[in-house]
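Data block below; observations after.
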Amino acid sequence: MDFRFEDVDGIRRSLAGANYLADDGIAGIVYLADRLGKPILVEGPAGTGKTQLAQSVAEITGARLVRLQCYEGLDESKALYEWNYKKQLLRIQASGDDSDWSEIEDDLFSEEFLLTRPLLEAIRAEDPVLLLVDEVDRLEVETEALLLEILSEYQVSIPELGTVTAAQVPMVFLTSNATRELSEALKRRCLYLHIDYPDLEREREIVMAKVPGVDANLADQVARIVRSIRQLDLKKSPSVSETLDWARTLVLLGIDKVDAQSATDTANILLKYRTDIDKAVKEFADRPDDLVVDNDT
Amino acid sequence: MTVTEQTGPPTGGGREDTPLLDLLSGFIVELRQAGLPVSLTENLDAMEAVTHIPIADRDAFKYALGSTLVKNHSHWRSFEVVFEVYFSMRGDEYRLDEVAEGEGPEGEPGPPAEGAPQGGGGAMSGLTPEQLAEMLMKALMNGDQAMLRALARQAVVRYAGMEPGRPVGGTYYLYRTLRNLDLDGVLEGLMDAAREESPEDLTPLEERLERDEFSDRIEQLKQEIEAEIRRRLVADRGVEAMARTLRKPLPEDVDFMHASREEMADLKKAIHPLTRKLAVRLARKRRHGRKGPLDFRNTIRHSLSYGGVPAEPKFRFPRPAKPEIMVVADISGSVAAFARFTLHLVYAISGQFSKVRSFVFIDGLDEVTGFFEGVEEIGEAVHRVNTEADVVWVDGHSDYGHAFGVFWERFGRDVGPKTTVIVLGDARNNYHASQSWILKEIQHKARRVYWLNPEPRAYWDTGDSIVGEYSTHCEGTFEVRNLRQLEAFVEKLV
């Protein structure tokens, strides 16, 4: 079996080339997943680039991204495969009276009448693919079992057809926001990667890479302020994507140095709860009394 | 085989490298001892993973092991501690030389920073404490990692006073080192320096940011010191012994009554995701759970299309009963933390109940439902309960009998057939009258009465604990010492 990546550093470099700044852990685990041929379960707070990681890895390996968005009520026929009933019915009607039933029956359950859904599609693909199963935690516990066969054996069993085995082992990413505990069986089959909020340096670099027209000073300030805000006890800490939105806003407003006033005015981009905004503003405001007057005038 | 005998990392990590595999299996046994659920497959994965990652690259090695063995982020801390113990002696930059002499370690603190005298640690041992403090200040100011590491070592050598074979835990040494460094003073010093450096006055925002930055660096320094102490202890006592002493319970296993301040902070962090997961799970259960009773009329109507045969039974919409909850919590010192967490959890999922009322007591009793109404921050409300509720009657020692008496007198008529009463406390009554007849009366009127006791079952009914007497009037008495047990109980409740 040949591998996609040479070494950990190479991954980090090419991911950086695709505008995704990976830290040691991320690059190392992607490398390991490739070597061991195992799926990666990516968990972490919302907006820290879990899905983006899968997309970037697809980009650097030149693989086609096959995406399965999970939701409550997702079932076999939407995730794996389905028989094309209408077409089957047509086939029966078209055959007339004289044909042999067993022949029709064989014919009905052939690949021609099979509708592939994302999981099967990823397995059957001839070209390199990357399977992304997004927000796995939205599935019900029972439906999770759908994934198990694919994740460990890279195959799908279809009762009428037999087992479809993957031509090549695709890279598989699963993402989860940890709204519920995933089953042991699923976790056991995956490598586990927890992506947390980035540290100061990485966040600064991310801002630099993703926001056009931002200068180093502003990026540094943005990263520092966001880090301080994350230390507060908030309902929802600002995510990386919100940091980026904020940085973009500041650039658009032509602010090159954040002070308490501009931070207060734009806090609603970073934080989404009234109580959180109040808390942050209180922490960072110059002299709270003066501020109120400023706002009024 | 003792691990400390192996100096220097093995080249690569091939399959034939049995010492590594031995070490790894010892490591995994220790992880299981610490409570992490490591399955056999995961074990095998880890074994395979290390053949691809050289052990010399310690960070990559750690992540490789972590990704195969730890599948829950809240277990990461425990994993890290065990990892440090088992693998801290490996990797060049971490090698420990000449510890016993009390000389400065000959580790290489990287390229010497400008202004620092000759990077080598040996030179440092000649410094006066003042010079050392100054260097520390400078290193923190510039965020010089290599220098900080060297200084951390030096500080441990100098201040911790470690003696081989002395049966003292790492925290003791840590405390001694930190006391001598006076890091709070250092932080203020750094802030002063930053103020001086900047051309104009720092705005509060800037000051705040600077302070966060420096605190962060000081935190790093502390971690370096801690790691250094740990390395030395491992060198002294061997891996297995250290792993045992450093073993930390997972957040969900931390005992409410004996949690350290740090563990408390972890618990507080853990309760948020826990309540969210619990709420989602309960809501789902409710939605998918069961079918309602048979809808006879509807079934007959649908039977018409089958020629009068009721082939397709129809069911009424399920209307699962939502219990009404009354929480009566002892918030005296010994069990306060437990009451806090339980209240937090109950209110976080209050949507699952038709009504939640809460009462707190020590020897007097007060209703605190109002604190939670219309409040977004449950944590804040719980805090108010602890500070504002009027719960002291005579002397501020738990008196369950009197508290029940007040409850019965003032709120007894509100207890109805839909009410589930939950009593929280250790039932240590300080030898007052038990008044358990009140609980009996409550049980008669209420749907259910549960008692949650944060003490280990073995301590029940010892000393002034009279939980046995009360529990005869309860539907269930549960030992709830940690988040795991609490979660299990709450789920059962709904």
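The values are calculated or read from the model by the stated rules, or taken from the named source; none is laboratory data. Predicted, not measured: the structure shown is a model, and the values here were computed from it. Counting neighbours? That spans all protein chains shown, and the Cβs are built from the backbone with ideal geometry, glycine included.
Can you confirm whether B:GLU206 is acidic (Asp, Glu), over 29 Å from the mean Cα position of the chain (by Cα) and surrounded by 15 or more Cβ atoms within 10 Å (Cβ to Cβ)? Talk me through it step by step, then tell me what you get.
Details: acidic (Asp, Glu): yes; over 29 Å from the mean Cα position of the chain (by Cα): yes; surrounded by 15 or more Cβ atoms within 10 Å (Cβ to Cβ): yes.
Criteria met by B:GLU206.
Does B:ILE438 fit the bill of being touching a helix residue (DSSP H, G or I) at 6+ places or on another chain (Cβ under 6 Å) and in a helix (DSSP H, G or I)?
yes
So which residues in the stretch A:223-244 are away from chain B (no Cβ under 14 Å), touching a Lys or Arg at 6+ places or on another chain (Cβ under 8 Å) and outside any helix (DSSP H, G or I)?
A:PRO238
Six or more apart or on different chains, Cβ atoms under 9 Å: show the pairs whose first residue is in the stretch A:137-154 and assigned by TED's automatic domain parsing to the domain that holds A:CYS70 and closer than 16 Å to A:SER77 by Cβ and whose second is among the charged types (D, E, K, R) and assigned to a helix (DSSP H, G or I).
A:GLU140/B:ARG284; A:THR143/A:GLU76; A:LEU146/A:GLU76
If only one of B:VAL415, B:VAL392, B:VAL467 is within 31 Å of the chain's Cα centre (by Cα) and crowded, with 16+ Cβ neighbours inside 10 Å, which one is it?
After ruling out the rest, the residue left standing is B:VAL467.
Could you tell me which of the residues A:ILE158, A:ILE92 is in contact with a strand residue (DSSP E or B) (Cβ under 8 Å, 6 or more places away or on another chain) and surrounded by 12 or more Cβ atoms within 10 Å (Cβ to Cβ)?
A:ILE158
For the condition in contact with a helix residue (DSSP H, G or I) (Cβ under 8 Å, 6 or more places away or on another chain), surrounded by 14 or more Cβ atoms within 10 Å (Cβ to Cβ) and modelled with pLDDT of 80 or more, what is the one hit in B:ARG217, B:ARG158? Even if it seems obvious, please write down each step before you answer.
Numbers: B:ARG158 fails: modelled with pLDDT of 80 or more.
Selected residue: B:ARG217, the only one of B:ARG217, B:ARG158 that is in contact with a helix residue (DSSP H, G or I) (Cβ under 8 Å, 6 or more places away or on another chain), surrounded by 14 or more Cβ atoms within 10 Å (Cβ to Cβ) and modelled with pLDDT of 80 or more.
For every residue, the table says whether it meets (1) without any contact (Cβ under 8 Å) to a residue 60 or more places away in the chain; (2) under 18 Å from B:ILE331 (Cα atoms).
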| site | (1), (2) |
| --- | --- |
| B:ILE442 | yes, no |
| B:ARG447 | no, no |
| B:PRO454 | no, yes |
| B:SER465 | yes, yes |
| B:VAL480 | no, yes |
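Against the condition more than 10 Å from every other protein chain (Cβ to nearest Cβ) and at pLDDT 80 or above, how does B:ALA49 come out, does it pass?
Against the criterion (more than 10 Å from every other protein chain (Cβ to nearest Cβ) and at pLDDT 80 or above), B:ALA49 does not qualify.
Working only within the stretch A:12-42, note down all residues that are farther than 14 Å from A:LEU191 by Cβ, part of a helix (DSSP H, G or I) and of a type outside the set (Lys, Arg). Walk me through how you get there before you give the answer.
Going residue by residue through the stretch A:12-42, those that are farther than 14 Å from A:LEU191 by Cβ are A:12-24.
Going one step further and asking which of them are part of a helix (DSSP H, G or I), we end up with A:12-17, A:24.
Answer for the stretch A:12-42, where residues must be farther than 14 Å from A:LEU191 by Cβ, part of a helix (DSSP H, G or I) and of a type outside the set (Lys, Arg): A:SER14, A:LEU15, A:ALA16, A:GLY17, A:ASP24.
Kindly provide the set of residues from the stretch B:236-256 that are among the hydrophobic types (A, V, I, L, M, F, W, C) and over 21 Å from B:GLU380 (Cα atoms), ordered by number.
Selection gives B:VAL239, B:ALA241, B:MET242, B:ALA243, B:LEU246, B:LEU250, B:VAL254.
For B:VAL467, all conditions in the list (1) more than 17 Å from B:THR342 (Cα to Cα); (2) in contact with a helix residue (DSSP H, G or I) (Cβ under 7 Å, 6 or more places away or on another chain) hold save one; what is the number of the exception?
Condition not satisfied by B:VAL467: (2).
Scan the stretch B:248-283 for residues that are surrounded by fewer than 17 Cβ atoms within 10 Å (Cβ to Cβ), within 14 Å of another protein chain (Cβ to nearest Cβ) and in contact with a Lys or Arg (Cβ under 7 Å, 6 or more places away or on another chain) and jot them down.
B:LYS277, B:VAL280
If we scan the stretch B:56-70, do we find a residue that is surrounded by fewer than 18 Cβ atoms within 10 Å (Cβ to Cβ) and either more than 10 Å from chain A (Cβ to nearest Cβ) or more than 17 Å from A:GLY25 (Cα to Cα) (or both)?
yes
Report, by residue number, each residue of the stretch A:246-272 that is of a type in the set (S, T, N, Q) and away from chain B (no Cβ under 14 Å).
If the condition is that a residue be of a type in the set (S, T, N, Q) and away from chain B (no Cβ under 14 Å), then A:THR249, A:ASN268 are the ones that fit.
Pick out the one residue from A:ASP106, A:ASP127 that is in the same structural domain as A:VAL30 (by TED's automatic domain parsing) and more than 30 Å from A:SER183 (Cβ to Cβ).
None of the others qualify; the one that does is A:ASP127.
Out of curiosity, is A:GLY73 within 11 Å of chain B (Cβ to nearest Cβ) and surrounded by fewer than 20 Cβ atoms within 10 Å (Cβ to Cβ)?
yes
Count, please, the residues in the stretch A:245-259 that happen to be part of a helix (DSSP H, G or I) and surrounded by fewer than 22 Cβ atoms within 10 Å (Cβ to Cβ). First the steps, then the outcome.
Kept after step one, since they are part of a helix (DSSP H, G or I), are these residues of the stretch A:245-259: A:245-252.
Add one more test, that the residue is surrounded by fewer than 22 Cβ atoms within 10 Å (Cβ to Cβ), and what stays is A:245, A:248-249, A:251-252.
Qualifying residue count, the stretch A:245-259: 5.
Quickly run through the stretch A:102-131 and pick out the residues that are more than 30 Å from A:ALA63 (Cα to Cα) and touching a Ser or Thr at 6+ places or on another chain (Cβ under 9 Å).
Answer for the stretch A:102-131, where residues must be more than 30 Å from A:ALA63 (Cα to Cα) and touching a Ser or Thr at 6+ places or on another chain (Cβ under 9 Å): A:GLU103, A:ILE104, A:ASP107.
Sort out which residues of the stretch A:95-114 are exposed (fewer than 14 other Cβ atoms within 10 Å of the Cβ) and either touching a strand residue (DSSP E or B) at 6+ places or on another chain (Cβ under 8 Å) or assigned to a loop (DSSP other than H, G, I, E, B) (or both), and write them in order of number.
A:GLY96, A:ASP97, A:ASP98, A:SER99, A:ASP100, A:SER110
Do the conditions hold for A:LYS87, that is, is it buried (at least 18 other Cβ atoms within 10 Å of the Cβ) and touching a residue at least 12 places away in the same chain (Cβ under 8 Å)? Even if it seems obvious, please write down each step before you answer.
Working: buried (at least 18 other Cβ atoms within 10 Å of the Cβ): no; touching a residue at least 12 places away in the same chain (Cβ under 8 Å): yes.
For A:LYS87, the condition - buried (at least 18 other Cβ atoms within 10 Å of the Cβ) and touching a residue at least 12 places away in the same chain (Cβ under 8 Å) - is not met.
Identify all residues within the stretch B:387-428 that are of a type in the set (Val, Ile, Thr) and under 21 Å from B:THR477 (Cα atoms); write none if there are none.
Those that are of a type in the set (Val, Ile, Thr) and under 21 Å from B:THR477 (Cα atoms): B:VAL415, B:THR419, B:THR420, B:VAL421, B:ILE422, B:VAL423.
Just name the residue that is nearest to the other protein chains (Cβ to nearest Cβ) out of those in the stretch A:186-200 that are out of contact with any strand residue (DSSP E or B) (no Cβ under 9 Å at 6 or more places or on another chain) and surrounded by 15 or more Cβ atoms within 10 Å (Cβ to Cβ).
Taking the candidates together, the pick is A:ARG188.
Given the criteria polar (S, T, N, Q), within 26 Å of B:ALA279 (Cβ to Cβ) and either assigned to a strand (DSSP E or B) or within 19 Å of the chain's Cα centre (by Cα) (or both), does A:THR175 qualify?
The answer is yes for A:THR175.
Where in the stretch B:329-429 are there helices (runs of 4 or more DSSP H), lying fully within it, with 2 or more residues that are within 18 Å of B:VAL449 (Cβ to Cβ) and either modelled with pLDDT of 85 or more or among the hydrophobic types (A, V, I, L, M, F, W, C) (or both)?
In the stretch B:329-429, the matching helices (runs of 4 or more DSSP H) lie at B:336-348, B:400-411.
For B:ASP295, are the conditions met, namely being under 16 Å from B:ARG484 (Cβ atoms) and either away from every other protein chain (no Cβ under 14 Å) or modelled with pLDDT of 75 or more (or both)?
For B:ASP295, the condition - under 16 Å from B:ARG484 (Cβ atoms) and either away from every other protein chain (no Cβ under 14 Å) or modelled with pLDDT of 75 or more (or both) - is not met.
Is there a residue in the stretch B:268-282 that is assigned to a helix (DSSP H, G or I), out of contact with any Cys (no Cβ under 9 Å at 6 or more places or on another chain) and at pLDDT 80 or above?
Let us first name the residues in the stretch B:268-282 that are assigned to a helix (DSSP H, G or I), namely B:268-282.
Add one more test, that the residue is out of contact with any Cys (no Cβ under 9 Å at 6 or more places or on another chain), and what stays is B:268-282.
Adding the requirement that they be at pLDDT 80 or above leaves none.
Within the stretch B:268-282 (the criterion being assigned to a helix (DSSP H, G or I), out of contact with any Cys (no Cβ under 9 Å at 6 or more places or on another chain) and at pLDDT 80 or above), the answer is no, since none of the residues qualifies.
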